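These notes concern the structure reproduced below.
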Amino acid sequence: MDNQSFRAVLDAFLQAWENSSLIELETFISTDYQAREVRDGDIAEFGYEESIEGWKQGFEYVKGNQGAWEIREVAVIPMKDNEFMAVLYATIGMGGTPMETGNLFFDTFKKVEDGWTLVRSYIETGVKGDLVGGPLGGPLRGTDLKIGLDEMNR
């Protein structure tokens, strides 16, 4: 597993997202990208072009409303020797106050010749932020659960 190179790529991906930089962010997304999004019970599937258009609209909204992205890294899970899944919760803060809900992303990155690229996503929209763990709060993070299970097995 190439944890260090993936960590650097994930950090750069998150920085591009927080900066609302479409030019930077799209360099991380595979042209073969596939996603599934659940919004109010409706399922939509889309690929690279639709994804870029969605990021563009989201970034324009945040910039136009002087908002700021608030992204929580819930977990990073090694999937295979050349794949990691990043579980991320994202919402928008307006005037320092985050929205009550956001989106929960299950993003799979794969190592290819040129480096790491985002190849798949599963996205749940309208998730209440106070129910999601991560550095900004919430009841439980995936790594906390693992630590708890390890301690139970002692």
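The values are calculated or read from the model by the stated rules, or taken from the named source; none is laboratory data. All of these numbers come straight from a predicted model, not from anything done at the bench. Just the protein is used for accessible areas: all its heavy atoms, side chains included, with ligands, DNA and RNA removed. Shrake-Rupley method; radii C 1.70, N 1.55, O 1.52, S 1.80 Å.
Laid out as a table, the results:
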read-out: Accessible area of region 1-111 belonging to carbon and sulfur atoms, whole % at 1.4 Å probe; value: 49 percent
read-out: Residues of type aspartates and glutamates that K56 reaches as a straight line, Cα spacing below 15 Å, ignoring anything fewer than 8 places off in the same chain; value: E18, E24, E26
read-out: Whichever lysines have a C-alpha closer than 21 Å to that of K80, once near sequence neighbours (fewer than 8 apart) are set aside; value: K110, K111, K146
